[in-house]
Amino acid sequence: MLRFDRFTERAQDSATRAYQILQRYSHSQIDSQHMLLALLEQPDGPVVEILSRLDADVEAMRDRLEEVLRASAKAAGGDVGTGQIFITPRTKRIIDLSNEEATQLHDEYISTEHIFLGILSERNTVVAKLLQDQDITRERVLEAIEAIRGGQRVTTPYADTRGPVYLYDLTGAARAGELTPIFGRDREVLRMIQILSRPNHRNIAIVGEPGVGRRGVIERLCQRIADREVPDRFLKISVQEFRPNAGSATGARPAQNLESVEERLKLTLDQVGKRDDIMLFFKDFSDVLSSEGQYLRQAIGHTRCTYVAMMTPAEYQELIQQDPLLEPLFTPLVVQELSREDTIELLYGWRGRCEQQYRIAIGDSAIEAAIPLSDKIAAHRLLPDKAIDLLDEAASRLRIQLDSAPSALRTLRERIQKLRDDEEAAGIAQDYERAAAHKVERLRLEEQFEHENLTWLQAKDLNDVLEATDVEAYVQEVIELERLQPVAPSRIRLTVDTSRTVFISYRRSLSRYLARAVFMHLREHGYDVFMDVESIDSGQFDQVILNQIAARAHFIIILSHDSLAKCDDPNDWLRREIEHAILLNRNVVPLLEEGFTFEEAEPHLTGQLQQLARYNSLRLFHDYFEDAMDKLRNRFLKRPDYGDIVPAPADEQAIVDQKIARAVDDE
């Protein structure tokens, strides 16, 4: 019986993965192949980092192990229960050797590194041959471990969680294909490599106006590292983004144990500050510097890692140029607005990610039209961001239109899915006659669905391909709605019934079009809706927002992936809106976009925000939009008790009218 009380959390995770791999291939014995593949399937794990340092082809190793496992004998009947799993003598020996390796390295816990060293002891096996072909030896692995650790030992269960809780591995994300392809920034990347090659002044300030794609420069460098398109000395560089508000995706260390940004920064620098192969990237450098300036300023001058900070020209002048300590330590890299040609190339690369998100296709004509059309409604903004945002909103608009299919079509699709499930279940039970009957009925209904769906799409002049005409239609909507401003108060105040008053809150950079669609839908059904189009600032505007929440019965919060990421800051405007609504006992209705889960957002649900997960929430896109809106009106906005409604001051009405009028633009 194996005991895992001395295993780090990563080592325990590898054991769980090995069991899952065993089930995946219907095996009954955990062997060294399962253990090694489990280590390689930890995308940001220490073993993958070690192999990357040794220039091993991790992907080829995974493919070879999967090939071996597919060819291995399966358990009788192909069904593996927990009582039927055995550990081979080889696996038992690897665990014993892992324990010995931990002792020799003076570590208190068995980590994934120790397990890997145990696997390296194998001789004359498939795994041994695989490691030999990649020139992976015990001596080389020990050297890599020493370089990565920088003298630290494994003294806690979470010690081998590389990339502390507050780091995001950008180079690892690039290798995994998780970054949006970046085009046209090779000149800036070459300049960055030139700066990094200098013995001094290696820290870089990426300086540019919002919207020009400053982050794209660092992501393009990561892509080139992943594609081995950099000088050899840069192949081992690991670019890590500091995210002080991030939670633990692996359960390595609870984020709430580290209350201040300084503690989180210290933990990060303790783990990576001594490594000269780490580039520490700060997206919000000014925020970190303003809160922990003294500590960070001293750390930059005394740690070995390279710092890359993103900032505007005004921030660079204020934070760097006027600071006698930081100015000699940073070299500016100025990022200008992307050219139209490079923006078009970037949009073609970005297209696949957007198509996957909205489950549509994006035609070439839409991409070619994005820049001139974005000039019509966002001339003040810069490329490439304004073109990307326009296509994203137009794609969201099309997805909502497609999800508004008639109930008969939705029922037909559900019947098809039910038949598909029944067909699969009958096949598993070897009832082939019943499976064949389900298949015949499924094919008949699929043909009927295709015909009726095509008829509906043609009647609505819709298809699942975003073309230039669709983008232009969205732009014309925005332009037309702008002409309605200012809207007469009689058109804004649709009702005096306080039970039909709604405040819509959302993260403006993530959920603009969806918030606008909900806003327009509720207005069309007679609700008095306030939706703001600007982020919170100080003064009168701040007070207006809080007063409008108090003056409305219902508080709708649209939650998308990363929408709560900044809510760790007590002054974050979205957090303040949510807290105010909860405090006033408003009817809080979370609308969940596709991709959002309360589990992933849990590290940010602190204080009053913990209550968000307790409200009845409505998931969008999994339901059709019109169905979701019907549920919103008929079920979620029917709560009888929503606290005392406090009318807003009369002298604020002009501001409110203007804000509501502008909300239809969501600009």
In Hz, Karplus ³J(HN,Hα) per residue of segment 33-39 (6.51, -1.76, 1.60; θ = phi - 60°; x = Gly, Pro) = 5, 5, 5, 5, 4, 4, 5
Between Arg619 and Glu108, the FRET efficiency computed from the C-beta separation at R0 = 60 Å comes out, to the nearest 0.05, as 0.85
Past 28 Å, Cα to Cα, is the threshold; run Lys92/Lys236; Lys92/Lys129; Lys274/Lys386 against it and keep the listed order.
-> Lys92/Lys236; Lys274/Lys386
Which distance in nm do the two modelled labels at Phe86 and His451 give, with both placed 7 Å along the Cα-to-Cβ direction?
-> 5.8 nm
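Based on the Cβ-Cβ distance from Asp270 to Glu414, what FRET efficiency comes out when R0 is 45 Å, to the nearest 0.05?
0.25
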Cα-only Debye scattering, segment 368-479: base-10 log of I(q)/I(0) at q = 0.10, 0.22, 0.23 Å⁻¹ | -0.49, -1.08, -1.13
Of the accessible area of segment 87-220, computed with a 1.4 Å probe and all protein chains kept, carbon and sulfur make up a percent value of 48 percent
How large, in percent, is the carbon and sulfur part of the accessible surface of segment 8-53 at a probe radius of 1.4 Å?
-> 41 percent
Long-range amide H partners of Gln29 with built H, under 5 Å | Phe86
Listed peptides 226-238, 117-129 by packing density, highest first (mean Cβ within 10 Å) | 117-129, 226-238
Sequence order, segment 598-606: Karplus ³J(HN,Hα) from phi using 6.51 cos²θ - 1.76 cosθ + 1.60, θ = phi - 60°, Hz rounded, Gly and Pro as x, gives 5, 4, 5, 7, 3, x, 9, 8, 9
Dipole magnitude of segment 359-434, debye to nearest 20 (Cβ charges: Lys/Arg +1, Asp/Glu -1, about Cα centre) | 320 debye
Once phi for every residue in segment 608-617 is put through the Karplus expression 6.51 cos²θ - 1.76 cosθ + 1.60 (θ = phi - 60°), the whole-Hz ³J(HN,Hα) values, with Gly and Pro written as x, are 4, 5, 4, 6, 4, 6, 8, 6, 5, 10
Theoretical FRET efficiency, 1/(1+(r/R0)^6), r = Cβ-Cβ of Thr125 and Arg233, R0 25 Å, to 0.05 = 0.10
For segment 258-341, with the dipole built from +1 on Lys and Arg beta-carbon atoms and -1 on Asp and Glu ones, taken about the Cα centre, which of Ser290, Leu269, Ala309 lies farthest toward the positive end?
-> Leu269
Cut-off under 5 Å, modelled amide H: who pairs with Val308 long-range = Ile204, Leu280, Phe281, Phe282
Expressed in nanometres to one decimal, the distance between label points 7 Å along Cα→Cβ at Glu143 and Thr606 is 4.3 nm
Amide H contacts under 5 Å for Val588, restricted to residues at least 5 apart in sequence or on another chain and with H modeled in the peptide plane, are Phe555
With N set to the residue count of segment 275-428, report its C-alpha Rg divided by 2.2 N^0.38 Å to two decimal places.
-> 1.64
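The values are calculated or read from the model by the stated rules, or taken from the named source; none is laboratory data. Because the structure is predicted, anything quoted here is derived from the model rather than measured. Heads up, the Cβs are rebuilt from the backbone with ideal geometry, glycines too, and the neighbour counts pull from every protein chain shown. Just the protein is used for accessible areas: all its heavy atoms, side chains included, with ligands, DNA and RNA removed. Shrake-Rupley method; radii C 1.70, N 1.55, O 1.52, S 1.80 Å.
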